[in-house]
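Participant: This is the structure I want to talk about, given as structure tokens.
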Amino acid sequence: MRVLAAVDKFKGTASAADVARAIGHACWELGFECDEVALADGGEGTLDVLGGPNRENTVTGPLGDPVVAAWRFHQGTAVIEMARASGLTLVGGREHNDPIAASTTGTGELIDRALDLGAERIIVCLGGSATTDGGLGAVRAIHAPARLKGVEFLIACDVTTRFVDAASVFAPQKGATSSQIRLLTGRLERLVQMYKENLGVDVSDIEGAGAAGGLAGGLVALGGKLIPGFELVADEVNLESRMKAADIVITGEGCLDHTSYDGKVIGGVMEAATRLNKRVGAIVGRVDLDDELDRELMLPSPIADISALNGVERAMNEPLWCIEHAALDVLRAMTS
């Protein structure tokens, strides 16, 4: 029996690699082979999945203070996770953020550094931003942006929000008040005109351009190509060929809810498994679906909710123990 453990991180408790490893331990106990595949959806955690950081640079943080941002540069490919340069956690969360002043300058500085090193391919992973600056800080930080024309420039995201809608959709979770949201929306509307006039790109109707507070739109205006984050990661790790070699698939993530089927890992893995006629089970930190019909239609089978099985406190404090024991139950159910 060959098992594919294709999982996302359990945010705040376990990395995707650790989750896959815990499932691998359960497979070993049962005498099964396991191919451990850490996945991500293009947001936080994607850098670790794509090889992890091997460089650090001091850049301008979201509120202007210097921050040390880790990123990856290997064999001509740069992988930049914007949260590490312009993320909300860098300012201590929404309570300490200034949603009007927060800037993506640091992310642009990393892109500029990658160009200086001769990058042939640049992947920017979006998510977890403190900013709603429409990418203006990043755009201004890139010297001689014409250099991007000779680069494969990919922007990984997992939302379809349009550019001007970024303020109303995302700014509240970054600490913005109603009046600030209106101000930010007006600023994004002006940036639409600026990008159109200066760069010849209309970002207003591009799905996903509002990701990371409009950073996606700013980078598209510079020639970047928006791509669903899960698809990018799946291609990078050869997910489909590894799934073909497996008998059964186990997926998982920290919280299974309605968004899990909208560009996220569980939905992507289940779609691929269905296409390849593979059975798929799941292990999740918790299920957040109240409607009984939704639970029936949307939940993989079998599925293990480690919070329901072990209590929230143990699931948070001993996630890998809980995941390994849940994996034993799921695997037995799938192979009995």
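The values are calculated or read from the model by the stated rules, or taken from the named source; none is laboratory data. Quick caveat: nothing in here was measured; it's all calculated off a predicted structure. Neighbour counts run over all protein chains shown; Cβ positions are idealised from the backbone, glycine included.
Participant: Need the failing condition index for residue 31 against (1) under 16 Å from the mean Cα position of the chain (by Cα); (2) assigned by TED's automatic domain parsing to the domain that holds residue 271; (3) of a type outside the set (Asp, Glu); (4) surrounded by fewer than 19 Cβ atoms within 10 Å (Cβ to Cβ), just the number.
Facilitator: In the conditions (1) under 16 Å from the mean Cα position of the chain (by Cα); (2) assigned by TED's automatic domain parsing to the domain that holds residue 271; (3) of a type outside the set (Asp, Glu); (4) surrounded by fewer than 19 Cβ atoms within 10 Å (Cβ to Cβ), residue 31 misses (1) alone.
Participant: Out of the residues in region 297-320 meeting the condition of being part of a helix (DSSP H, G or I) and charged (D, E, K, R), tell me which one is surrounded by the fewest Cβ atoms within 10 Å (Cβ to Cβ).
Facilitator: 313
Participant: Go through the residues of region 182-204 one by one and say whether even a single one is under 19 Å from residue 128 (Cβ atoms), modelled with pLDDT of 95 or more and small (Gly, Ala, Ser).
Facilitator: No, the conditions are met nowhere in region 182-204.
Participant: Does region 11-24 include one or more residues that are within 30 Å of residue 330 (Cβ to Cβ), acidic (Asp, Glu) and either in contact with a Phe, Trp or Tyr (Cβ under 7 Å, 6 or more places away or on another chain) or surrounded by fewer than 24 Cβ atoms within 10 Å (Cβ to Cβ) (or both)?
Facilitator: Yes, region 11-24 contains at least one residue that is within 30 Å of residue 330 (Cβ to Cβ), acidic (Asp, Glu) and either in contact with a Phe, Trp or Tyr (Cβ under 7 Å, 6 or more places away or on another chain) or surrounded by fewer than 24 Cβ atoms within 10 Å (Cβ to Cβ) (or both).
Participant: On the basis of being closer than 21 Å to residue 202 by Cα and modelled with pLDDT of 95 or more, does residue 141 make the cut?
Facilitator: yes
Participant: If you don't mind, there's one more thing I want to ask. Quick one: in region 129-167, of everything that is hydroxyl-bearing (Ser, Thr, Tyr) and touching a Lys or Arg at 6+ places or on another chain (Cβ under 9 Å), which residue is surrounded by the fewest Cβ atoms within 10 Å (Cβ to Cβ)?
Facilitator: Among residues in region 129-167 that are hydroxyl-bearing (Ser, Thr, Tyr) and touching a Lys or Arg at 6+ places or on another chain (Cβ under 9 Å), the one surrounded by the fewest Cβ atoms within 10 Å (Cβ to Cβ) is 129.
Participant: I would also like to ask the following. Inside region 202-240, can you point out the residues that are of a type outside the set (A, V, I, L, M, F, W, C), buried (at least 24 other Cβ atoms within 10 Å of the Cβ) and assigned to a helix (DSSP H, G or I)?
Facilitator: Answer for region 202-240, where residues must be of a type outside the set (A, V, I, L, M, F, W, C), buried (at least 24 other Cβ atoms within 10 Å of the Cβ) and assigned to a helix (DSSP H, G or I): 213, 214, 217, 218, 229.
Participant: In region 1-37, what residues are within 22 Å of residue 238 (Cα to Cα), touching a Gly at 6+ places or on another chain (Cβ under 9 Å) and β-branched (Val, Ile, Thr)?
Facilitator: Listed by number, the residues that qualify are 3, 7, 19, 23.
Participant: What residue, of 122, 155, is part of a strand (DSSP E or B), in contact (Cβ under 8 Å) with a residue 24 or more places away in the chain and touching a Phe, Trp or Tyr at 6+ places or on another chain (Cβ under 7 Å)?
Facilitator: It is 122.
Participant: With the condition kept exactly as written, say whether any residue in region 139-152 is closer than 20 Å to residue 87 by Cβ and among the charged types (D, E, K, R).
Facilitator: Yes, region 139-152 contains at least one residue that is closer than 20 Å to residue 87 by Cβ and among the charged types (D, E, K, R).
Participant: Let me ask you something else. Of all residues being in contact (Cβ under 8 Å) with a residue 60 or more places away in the chain and in a helix (DSSP H, G or I) in region 258-277, which is nearest to residue 41 (Cα to Cα)? Just the residue, please.
Facilitator: 265
Participant: Still on this structure, I have one more. Picking from 67, 49, which residue would you name as being buried (at least 21 other Cβ atoms within 10 Å of the Cβ), out of contact with any Asp or Glu (no Cβ under 7 Å at 6 or more places or on another chain) and not acidic (Asp, Glu)?
Facilitator: 49
Participant: When you scan region 106-119, how many residues do you find that are over 9 Å from residue 78 (Cβ atoms) and part of a helix (DSSP H, G or I)?
Facilitator: 6
Participant: So, of the residues in region 70-85 that are hydrophobic (A, V, I, L, M, F, W, C) and under 17 Å from residue 214 (Cα atoms), which turns out to be farthest from the chain's Cα centre (by Cα)?
Facilitator: Restricting to residues being hydrophobic (A, V, I, L, M, F, W, C) and under 17 Å from residue 214 (Cα atoms), the top hit is 85.
Participant: What's the total number of residues in region 167-213 that are farther than 17 Å from residue 94 by Cα and either polar (S, T, N, Q) or outside the structural domain of residue 133 (by TED's automatic domain parsing) (or both)?
Facilitator: Count: 4.
Participant: Here are 147, 140, 187: which of them is more than 24 Å from residue 115 (Cα to Cα), in a helix (DSSP H, G or I) and out of contact with any Pro (no Cβ under 8 Å at 6 or more places or on another chain)?
Facilitator: The conditions single out 187.
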